[in-house]
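As structure tokens, the structure follows; a few thoughts come after it.
The values are calculated or read from the model by the stated rules, or taken from the named source; none is laboratory data. In this text the structure is predicted, and so the values were computed from the model without any measurement. No Cβ is skipped: glycine too gets one built from the backbone with ideal geometry, and neighbour counts run over all protein chains shown. The accessibility values were calculated without ligands, DNA or RNA, using every heavy atom of the protein model including side chains. Shrake-Rupley method; radii C 1.70, N 1.55, O 1.52, S 1.80 Å.
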Amino acid sequence: MTARWTAGTNREVLANGLTLLVQRIDSAPAVAVVTHVKAGFFDEPDHWGGISHVLEHMFFKGTPTRAVGAIARETKAAGGYLNAGTGYDHTSYYTVLPASGLGTALDIQSDALRNSLIDAEELRRELKVIVQEAKRKLDSPSAVAVETLHHVMYDRHRIRRWRIGSEEMLAGFTRDDLMGYYRSRYVPSRTIVAIVGAIDETEALDLARQRYADWPVVAPRIDPSVEEPDRHELRARTLRGDIAQAELVLGWRAVGPLHPDAPALDLAAAVLAAGRASWLHRALRETGVVTSISAYNFCPTELGLFVCSADLDPARLEESLRGIAREIQRLGDQGPTSEDLERARTLLVARWARRLESMEGRASDLASAEALRDFTWLDTEYEAMLAVSTSDVQSVVRRYFEPSRVSAVAYLPHGRGEDLTPARLQTYFTKPAESRPPQFVSVPTVARSTPLRVAGELVAEVLHVALPGVDLLVRRKKGVPTVTLGAYRLREHFEVFERAGLGALAVRSAVRGAGPFDAVQLAFAFERLGGVLAPVISADWFGFGATVLAEHVEPAALLLRTVMGEPTFPDPAIAVERGALIEEVAQVADDMLRYPFQLAMGAAFGDRTYGVPLSGTIESLSTLTPEDVRTWQRSESGQGRVTVIAVGEIDPARVAEQLAGVFHDLPAAEAAARGPSRSTSLIPEHRGRERTKAQSAFAMVFPGPSRIAPERHAAQVWAAIASGLGGRLFEALRDRRSLAYTVMASAWQRHHAGALLTYIATSPEREGEAREAMLTELDNFRRRPVEQHELDQAVSYLSGQALVSRQSAGSLAGEILDSWLAGAGLVELADPTAGFRSVTIDQILELSGRCLDPGMRAEGIVRGGGGSAPTA
């Protein structure tokens, strides 16, 4: 499991103090440039709370040589994307684009870093956008609960503040405030520029020196947070709001990232909540007490927090708290078994590999490690994680999880569930839990298969082996030692609204037991290979997948075969999964992005075909029986060919032989005939819901081309012109009118239907203005041809992203699956840019004129009433 993630990294500190990190990674023709500035929420004095995030927004708002919007447009024209994020201890700006564009990326990033104008009028407009972002955050129950927990846990440290800033404080920021913070914090000695990709290291260093070496030295102003005194006090708080399900978060003060106990705390979190075989999942999710459960060790620079969170029915709050307390106490009393620890460690090893697979992920982690100590800390941290023992985990749980140190926040719906008080919390964590013996998992042995010699055809670097009942699609992807593996079938029928969610219930119930495995055994078997078994379903296909360590392809394939063909579907497991689905469906109503789209799609398709919610409705799920699930399995799994995909650091010929040995005896079946669309017309209906939310959010659905339509590339180019940084809708509705933080457009394409989608979330009082502005901008596409430079920029962006997206095995596997099951086959993969390059201005105009008629749109809206701040 050993690895040197930093091998070959070049480090250079310029005379002005700026640090350059360059690492060559040839796994994809892409490069990432990450600018890491050691200035975040912790660096803000109270009178400037939220200013780091405001400055992040203004980073893209022009320089003396680049007008407003030019930074985004130039990046798009180079085939790249850019974004930024503000953390507690830093602000990070990143650009990812084809490797040939490194010089362009450095030009843009260095200019914005050194020469941001922070124009007063642009700041005034952008502050309105950030207020919308703050309102969006108030409408996110999980964000509200977690940041309230920080406030409860700490009395003095700046982590206790609402980090994005209050609306009143944001509205009061001036250009002088921003310039003062910018000039004193954004200085060379507090800046790290990390470059990772398929580049020449010497050339990359030279290009970076040219752009940063003459940045003048400025002494930084450091304004650290006050230190937090130690305390032994149990704390609890209850919030109430217009939410469908309860949010529960618990926290313990822990240690910073450089502390020797940090790796053991990471392993404790993984033992407790990583994967389906984790202790908390088995105790609470597997039994239906909670809808979801997680735990993580969070270490921003100078402090640390260990957090456990759950989504649940408010009526089960006490049961959930008792279960969490019991499992944490057991971990401290008994420690993990060696099998538990190795399962958790293997999952973390695979998680590290996936995180460092992309250029952006690796550049970000190199920069973060350098900011903490030096970039080699990345390897040190990894090796420390590998060295953690069972006694180490037990020791840190005993040390940091004292009952008197726990804090908790319960965010409950109005009128449901009892308030969580310190006294109630104390009864759960200070009363000794019932003694339970160590829980050992005995995993059945599955007979190994014999590799089968097969011949295949190589198409677009994908080895295709056709067996009587299965198509094997195998591709090597250089990079990290993992493989993304999945098995899929086309669906025979669309679901009907009255039985919506049946497919989701079936595939989710399948992972709760198959062949000789019960739910825990099956989860444990996968997770000790490095992967978490994931059921997946769409309206057109379903299947199961996992990303495992590369040496475990064959045992993982055997497990997939068992799940696909031998699910046991015990009645109690189906009942628990149905209950979890019902709670998740109820929770969708709290999601101000998903819910408007669900309403809009239901309206557009009249609750048929693609308008049927995949997860079902509360009413439809309540009627489904175990026999319905078994009947669905027999119907959908008994016909058609299976598609098996494997992508990773593998030998395709050898893996194809291993997969053939596992799947060769599937019943023979002909390839499905993918004929013309069965459902193409949309219904111009509007649906809405009233909620007590800080924003109103609406989605529009217009007719559009399907996945197999010849004009599908024109629709994707239209979306690239309309949406994203530098897009028409972004500039018109967000930049110029400050109507929203989130505005987007996309081309939604499935085999039997397609649509052009738009979305915006705004203040309730500006809903009418936002709708009118959206329709006006869309009408402009119908009335006037797009400019040649807009077309060129969109085509360059899409072409570049087609290459950049192949950084990860998971993305590449998804591309293969989509082309095979929904598209024209593997031939699409040979040149993913060709279709975009063929699009013309006239095609965009024709598509817009035909599809963007406002009278043909369906719409879904969640209409807020303002003032959704939760009450304590």
### Query
Can you pull out the residues in the stretch 296-326 that are in contact with a strand residue (DSSP E or B) (Cβ under 9 Å, 6 or more places away or on another chain), open to solvent by 20 Å² or more (accessible area, probe 1.4 Å) and closer than 17 Å to HIS150 by Cα?
TYR296, ASN297, PHE298, CYS299, SER309
### Query
How many residues, within the stretch 628-664, are more than 30 Å from LEU502 (Cβ to Cβ) and either basic (Lys, Arg) or in contact with an Asp or Glu (Cβ under 6 Å, 6 or more places away or on another chain) (or both)?
2
#### Entry: Exclusive hit being surrounded by fewer than 20 Cβ atoms within 10 Å (Cβ to Cβ), under 20 Å from GLY864 (Cα atoms) and in contact (Cβ under 8 Å) with a residue 40 or more places away in the chain, set LEU614, LEU599, LEU593
LEU593
### Task
Check whether at least one residue in the stretch 221-229 is buried (at least 17 other Cβ atoms within 10 Å of the Cβ), in contact (Cβ under 8 Å) with a residue 60 or more places away in the chain and either more than 30 Å from SER338 (Cα to Cα) or touching a Leu at 6+ places or on another chain (Cβ under 6 Å) (or both), and report yes or no.
yes
### Message
Considering only residues that are of a type in the set (Gly, Ala, Ser) and either in contact with a helix residue (DSSP H, G or I) (Cβ under 6 Å, 6 or more places away or on another chain) or open to solvent by 30 Å² or more (accessible area, probe 1.4 Å) (or both), which ones fall in the stretch 631-653?
### Response
SER635, GLY638, GLY640, ALA646, GLY648, ALA653
### Query
Mind checking whether some residue in the stretch 857-872 is open to solvent by less than 20 Å² (accessible area, probe 1.4 Å), of a type in the set (S, T, N, Q), under 30 Å from ARG687 (Cβ atoms) and at pLDDT 95 or above?
no
### Query
Among the numbered criteria (1) open to solvent by less than 30 Å² (accessible area, probe 1.4 Å); (2) under 18 Å from the mean Cα position of the chain (by Cα), which single criterion is violated by LEU378?
(2)
#### Entry: Subset of the stretch 511-543 [closer than 29 Å to ALA753 by Cα and open to solvent by less than 10 Å² (accessible area, probe 1.4 Å)]
PHE542, GLY543
### Query
Of the residues in the stretch 536-565, how many are in contact with a strand residue (DSSP E or B) (Cβ under 7 Å, 6 or more places away or on another chain) and farther than 23 Å from GLY661 by Cα?
4
### Query
Would you say SER746 is surrounded by fewer than 21 Cβ atoms within 10 Å (Cβ to Cβ), over 17 Å from ARG850 (Cβ atoms) and at pLDDT 95 or above?
yes
### Task
Select from the stretch 96-142 the residues that are open to solvent by 50 Å² or more (accessible area, probe 1.4 Å) and hydroxyl-bearing (Ser, Thr, Tyr) and list them in ascending order.
SER100, THR104, SER142
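Considering only the stretch 460-473, state which residues are over 21 Å from PRO667 (Cα atoms) and crowded, with 19+ Cβ neighbours inside 10 Å.
Across the stretch 460-473, the qualifying residues are VAL462, LEU463.
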## Note on the structure
All-but-one check, SER92 against (1) of a type in the set (Ser, Thr, Tyr); (2) open to solvent by 30 Å² or more (accessible area, probe 1.4 Å); (3) out of contact with any Pro (no Cβ under 9 Å at 6 or more places or on another chain), failing number (2)
### Query
Is there any pair linking a residue in the stretch 320-336 that is at positive phi to one that is open to solvent by 10 Å² or more (accessible area, probe 1.4 Å), with Cβ under 8 Å and at least six apart or on different chains, and which?
GLY335/THR390; GLY335/SER391; GLY335/GLN394
### Summary
Only unsatisfied item for ASP206, checking (1) surrounded by 14 or more Cβ atoms within 10 Å (Cβ to Cβ); (2) free of Cβ contacts under 8 Å to residues at least 40 places away in the same chain, is (1)
### Message
Please go through (1) surrounded by fewer than 14 Cβ atoms within 10 Å (Cβ to Cβ); (2) small (Gly, Ala, Ser); (3) within 26 Å of ALA262 (Cα to Cα); (4) in contact with a strand residue (DSSP E or B) (Cβ under 8 Å, 6 or more places away or on another chain) for SER404 and return the number of the only condition it doesn't satisfy.
### Response
(4)
### Query
Restricting attention to the stretch 443-450, does a residue exist that is hydroxyl-bearing (Ser, Thr, Tyr), surrounded by fewer than 14 Cβ atoms within 10 Å (Cβ to Cβ), out of contact with any strand residue (DSSP E or B) (no Cβ under 8 Å at 6 or more places or on another chain) and over 27 Å from LEU267 (Cα atoms)?
yes
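Mind telling me which of the residues ARG24, ARG11 ends up being open to solvent by 10 Å² or more (accessible area, probe 1.4 Å), farther than 25 Å from PRO300 by Cα and either modelled with pLDDT of 95 or more or among the aliphatic types (A, V, I, L, M) (or both)? Show your work before the answer.
On the way: ARG11 fails: farther than 25 Å from PRO300 by Cα.
When all the criteria are applied, what remains is ARG24.
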